Structure formats: structure tokens, C-alpha cells
1. For the chain, give the magnitude of the charge dipole about the Cα centre (Cβ charges: +1 Lys/Arg, -1 Asp/Glu; no others), in debye to the nearest 20.
2. Under 26 Å between alpha carbons, and skipping anything fewer than 8 positions from LYS299 in its own chain: which lysines qualify?
3. How far, in nm, would the chain grow between ALA275 and TYR219 when pulled straight, counting 0.36 nm per residue and subtracting the alpha carbon separation?
4. Give me a comma-separated list of calculated 3J(HN,Hα) values for segment 328-345, in order, Karplus coefficients 6.51, -1.76, 1.60 applied at θ = phi - 60°, integers in Hz, x for any Gly or Pro.
5. Pick out, in residue order, every one of the trypsin sites (Lys or Arg not before Pro) in segment 139-185 that is DSSP loop and has at most 13 other C-beta atoms within 10 Å; say none if there are none.
6. Among PRO183, PRO329, PRO342, which one moves the most in a GNM of the chain with springs linking Cα atoms closer than 10 Å?
7. Report for segment 153-271 the percent antiparallel among DSSP-assigned beta bridges with both residues inside it, nearest 5.
8. In whole Hz, what ³J(HN,Hα) sequence does segment 291-308 give by Karplus (6.51, -1.76, 1.60; θ = phi - 60°), x for Gly and Pro?
Amino acid sequence: MILCSNPKAQYLSHKDEIDAAIRRVLDGGWYILGEEVKAFERQFADYIGVSYGVGVGSGTEAIHLALACCGIGPKDEVITVSHTAAATVAAIELTGATPVLVDIEPDFFTMAPDRLEAAITPRTKAIIPVHLYGQPADIDPVLQIAGRHHLRVIEDCAQAHGATYKNKRIGSFGDMACFSFYPTKNLGALGDAGMVVTGDKELARKASLLRQYGWDKRYVSNVAGWNSRMDEIQAAVLRVKLRYLDQDNAMRVRLAQIYEEKLCKNEAKLPKKRANSTHVYHLYVIRSKKRDELLAFLKAKDIGASIHYPVPVHQQPAWEKLPGCDKLPVTEQICREIISLPIYPELAESNAQRITETIMAFTD
């Protein structure tokens, strides 16, 4: 069986270093918010090109924390997209704010900047563009619109570790940016973990307070915070994997090239890459009018393709009445056609070739 993603293979590819890092933590006797977390915060912030990183418990919590740091709460509105993981919208609701949904670009599957201004109201306080599948959103016009309306921009970078837009790393554009290190991500932990990054010293200070009960010093809460702490084992593992992130992303790009070379004349629509950007292919997502039949055909051949995401946020029972739900035709069309092909650094090129041959056999 060819898996759609394979975090165990990623562990095995760096097993000796990861095992040594875990032993270092176990032998050290400090397991939450210690020196490993501090080191990873510095190293990851440096990698992104910002001054500060704050390690937290998950990517969802990273967004929740960033919004809270920006003063967003009940009666506020935050604009984002429906074509995203549910975590983006769930994190907005954790603050008490209302998510407002806008449509996406048909070629790149990310926020359509030309839909933003119509969604802005006096209650709007922030915009969360989602860099999806490894593809950067078109961030410059988002920042320009936000600037005109005095809105915060918080980047959701959960699927774009290492991607660039106009020669800058994704995560270095907004007021704050949020990363998930869920095991299947381009930079994945061996459990849940996340990070908020920013170039703003005061926002970083707030994030550090809020993630641990508002403590400035132990047992003294200066503000009302909560518990969203990164543990030392995850930080140690991520420090190992960070050293290989660019190399691993290059392997993803190579696999994407194989798919493109072999499927370019197929009826399926292949992913497009935004100009002046790099795509790191967290997922390789094609479109097919016969998506469900193709998915079943691949699974019958032991190829674990998947759908990210089969039901857009606004069509799920929890969120079907959010503002903007009636204005998302591109999102709805794309969600009927998308299929994610297996892609991860350890996927053998021969298996990528087998996947393309199987797709070609389906369409012949």
C-alpha cells in the first residue's frame, strides 16, 4: 500500500538523531518549556526570518493565541476562507470572534484578495490568509487592503513550512504567523505542537504570557492566560528535522515534477504555481470531474490518495450559518473535484511513477 503521507518513514529517515535527541531530554529531567524549546524557538524564527518564536501546544492554539495577542474577542469579526482545515475557523471561535468566509482563487486554492473588501464591516479586526497545500497565498494585496482598513494580518502557515513569496519566507509578512507541527506536516513532530512567530517584541511577550496562565513569573498571573505549552521532546525532535527541512522540501518538489511530467497531457487539472513564489508541496492536489471514481480506482490499486478537504467549512453543520456562506461558488466547485496524491520525502520515485501510470490507466 502506498500511503498518502507517512510520518513513520520520516522518523526512520532520521532515527538515530531523533532517538539521541529524545534521550537527551529524558536524561535531562526537564520536560516542558525548557532549553530545547528555547533553542527551537530561536532556530525556527531565524529560519523564517523574524525575531521571535513562541512554542505552543498545536497549530490551532497558535492561531487562537495570535488572535488573543492582537486583542480580538467577542463581537469582533475575522475574515478567512472556507477551503481550509477546520482548525482555522475553530481557533477564531475560541476567542469568541465570528469567522467571516470569503472565496478562493480557482488556480491556487487560496484567498481571493478581490473578495476581501466586500466582506469588511465595522466589526472586522483581522484577516487570516491560509497558505494551502504548500502554496503561498497572494499576500501583498491582502496586506495592502488590511493596511487601508487598519486590520491585523495573521498568516496560517500550517501547510507551508519553507515556502517563499517574493524571496521571503511565508510567516514573515503578517503581524503574526502560525505554524502547526502535526506529524504529517513538512516539518512534523511526533505528536502535537505549534508555534507563533512575529517580528513584534510586544506581541511576542503577550504570546509568552498567554500560553502559560499569564505568568510573568511562576504562579503569578499578570493577565488571564491558559495552558498551551510546547514540550521538550517535541522541540528536540523538531530541531533535528529542521536541519533537513529544505532538503526534504526539495524531494517533495522532485516528486511533484514527476507527477507534472507524466500527467501533463492527462485530463486531470494539475496544480499551478504562483509566480514569484516557491511551492513546497505539503500536498499534491489535482482536480478531476470524475474525482470519486478516480479515488476508488486508486484505492483498489493500493494507492492511498485522499481529499483535502471533501467538505468545506461552510457546509459542515457547525458552521453552515457563518457570514459569507452564500458567496463561495469557487470553493464549492473545487471541493467536488480535488484529490490529493501521495507525496512525502521518503516516497520512492518508482512509486510516484506507478501512481501516474495508474491514473493514466484510469483515463484511457
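The values are calculated or read from the model by the stated rules, or taken from the named source; none is laboratory data. This one's a predicted model, so the numbers in the text were calculated from it and none came from an experiment. Note that we place each Cβ from the backbone using ideal geometry, even for glycine, and neighbour counts take in every protein chain shown. Remember, those area values only see protein heavy atoms, side chains included, never the ligands or the DNA or RNA. Shrake-Rupley method; radii C 1.70, N 1.55, O 1.52, S 1.80 Å.
1. Numbers: 44 positive and 44 negative charges, 52 e Å.
I would put it at about 240 debye.
2. Hits, sequence-local ones excluded: LYS8, LYS185, LYS262, LYS265, LYS269, LYS272, LYS289, LYS290.
3. Working: separation 56, 0.36 × 56 = 20.16 nm, distance 5.00 nm.
My answer for the length gained is 15.2 nm.
4. Going residue by residue, I get 10, x, 5, 4, 5, 5, 4, 5, 7, 10, 7, 8, 9, 8, x, 7, 6, x Hz, with x marking Gly and Pro.
5. On the way: sites: ARG148, ARG152, LYS166, LYS168, ARG169, LYS185; in loops: LYS166, LYS185.
Passing both the DSSP loop test and the Cβ count: LYS166.
6. PRO329
7. About 75 percent, rounded to the nearest 5.
8. After applying 6.51 cos²θ - 1.76 cosθ + 1.60, I find 3, 5, 5, 5, 4, 5, 5, 5, 5, 5, 9, 6, 10, x, 5, 8, 10, 10 Hz.
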